[in-house]
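See below for the structure under consideration.
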Amino acid sequence: MKQLKSLVEFDLSGKTVFVRSDFNVPLDNNGKITDDTRILASMPTINYALNKGATVLVTSHLGRPEEGFYDESLSLAPVVKKLEKLTDKKIRLIKNWSDKKLKFSSGELVVLENCRFNVGEMGNNFELADKMSQMFDIYVNDAFGTAHRKEATTSKLALLKKSRCAGFLFLKEVDALTKALKNPKKPLLAILGGAKVSSKLNLLFSLVGSVDYLIVGGGIANTFLKSQGVEVGKSIHERELIKTANEILDLASLKNVEMPLPTDVIVAESPKSLKTVRLTKVDSIQKEEMILDFGPQTLQTLKDLVKKSNTIIWNGPLGLFEIDEFAGGTNEIAQEIGLSHAYSVIGGGDTISAINKFNVKDDIDYISTGGGAFLEFLKDSNLPAIDALMGRD
Ligand code: ADP
Ligand code: MG
């Protein structure tokens, strides 16, 4: 891939720099930030621009507000508070910024309110992007988490501004994923699990083309079992994708990709009825039961694949890891990856919670902050925001 430009290639002194960050942080009912990872990850770019003497205008989306309406619960105000602590500066938060002629003092850090309040943001509107582009000199995209979306601040605005580049976090994400996918040290193992079956299953078609081993877990594994005629009872799975699952299995065998399906599993009548938890071979699951984790025989097979791999990409827990009775599979695989010398890249909100819970975070080479963008990049590295930074519409 042609190189993305970096901030270090620009003279920032006295310039006004627009940074599209990803401050889409989880908030509790009182509007308190419950995880500030994304804000912390955005700081290197913001601090660098400030230190080089730029005036910095930073914005982000937060949630999915209705465009044209101010919704206090999705305001960036909590983010501003956090940024004030981190930078030790007083920071202005500006509403309706796309319609105003704004004045900034030199070297100031300003937060422009949730960009999805602006009419035309999600629709990648030209007029909106054109107005925004008058406000500054240099465009920086540091929001890898929304790189798979074509919106005014991630796409059209970048295309309109000739002085444009990726921020440090964005570059780090692209480098790590490129290393894992485009030029991996073989054998390459991909692990795909979790609950979002329909959005993830199609991704397997492209993964099968590039990996040596493929492990499926969670609702994805259940869909494959069902496609093999296994009774999966009440397990989460996607009925409409059973045919697709069969096609993926055929493709995997054609490409000599090792893709073991579970042979034994932990089931229960529901995640809460812990009295009904039992270990069973996959051929004797009852109609009223659901698969909630893998059994020891399956885990041994999967751990052997982890041991043989030199690059590992992981998205999606293998079982319902939030409940101890069903956490074993995800935990054991996480520990095995932690011990492995392979280059490991992990993405996905719940997968990151899992590796935090099981204390293997420090043994992972790269943890991606971008959930959806991470998955899309695995499918196709030409994300809309990357295209825009390269000048391609
Ligand atoms: P990520 O956020 O990492 O992309 P997902 O959102 O797709 O992952 O899925 C995570 C959720 O999937 C977790 O809450 C986990 O408990 C659930 N899960 C995994 N396996 C199962 C299963 N067999 N049955 C029900 N839920 C499962
Ligand atoms: Mg999730």
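Some observations on this one:
- In degrees, nearest ten, helix 296-308 long axis to first principal axis of the chain (Cα): 50
- For Leu112, the residues 5 or more places off, or on other chains, whose built amide H falls under 5 Å of its own are Val58, Thr59, Ile94.
- Qualifying lysines (Cα of each under 16 Å from Cα of Lys101; at least 8 residues distant if same chain): Lys131
- When the charge dipole of the range 1-131 is built from unit charges on Cβ atoms (+1 for Lys and Arg, -1 for Asp and Glu) and taken about the Cα centre, the candidate among Tyr70, Ser21, Gly123 whose Cα reaches farthest toward its positive end is Ser21.
- Lysines whose Cα lies under 22 Å from that of Lys85, excluding same-chain neighbours fewer than 8 positions away: Lys32, Lys52, Lys95
- The distance from the alpha carbon centre of the range 202-224 to that of the range 270-309 is 18 Å, rounded to a whole number.
- For the pair the range 170-190 / the range 35-65, the C-alpha centres are spaced 25 Å from each other.
- Cα gyration tensor shape of the range 231-340, rounded if a/c is under 1.5, else prolate or oblate by comparing a/b with b/c: oblate
- Phi angles of the range 226-236 translate, via the Karplus equation with coefficients 6.51, -1.76, 1.60 and θ = phi - 60°, into HN-Hα couplings of 4, 5, 9, x, 7, 6, 10, x, 8, 4, 5 Hz per residue; Gly and Pro are given as x.
- Among the listed pairs Lys150/Lys287; Lys281/Lys308; Lys5/Lys303; Lys186/Lys243, those with a Cα-Cα distance over 32 Å are Lys150/Lys287; Lys5/Lys303.
- Taking the average, over residues, of other Cβ atoms within 10 Å as the packing measure, peptides 145-157, 314-326, 105-117 rank 145-157, 314-326, 105-117 from highest down.
- Coupling constants for the range 355-366 follow from the phi torsions by the Karplus curve (6.51 cos²θ - 1.76 cosθ + 1.60, θ = phi - 60°), and in residue order they are 6, 5, 4, 9, 6, 10, 3, 6, 9, 9, 6, 8 Hz; glycine and proline get x.
- Computed [θ] at 222 nm, deg cm²/dmol, the chain (DSSP H ≥ 4; -39,500 (n - 2.57); rounded to nearest 500): -10000 deg cm²/dmol
- Shape class for the range 137-177, computed from the alpha carbon gyration tensor (a ≥ b ≥ c): oblate, with a/c not under 1.5 and a/b at or below b/c.
- Using only side-chain charges placed at the Cβ, +1 for Lys and Arg and -1 for Asp and Glu, the dipole size of the range 1-148 relative to its Cα centre rounds to 400 debye.
- Charge dipole (Cα centre; +1 on Lys/Arg Cβ, -1 on Asp/Glu Cβ; no other charges) of the range 291-338 amounts to roughly 320 debye.
- Shape call, the range 117-166: gyration tensor on alpha carbons, a/c limit 1.5: oblate
Every number in this text was worked out from the coordinates using simple rules, so none of it is lab data. Remember, it's a predicted structure, so these values are computed and weren't measured experimentally. With ideal geometry, Cβ positions are generated from the backbone for all residues, glycine too; neighbour counts draw on all protein chains shown.
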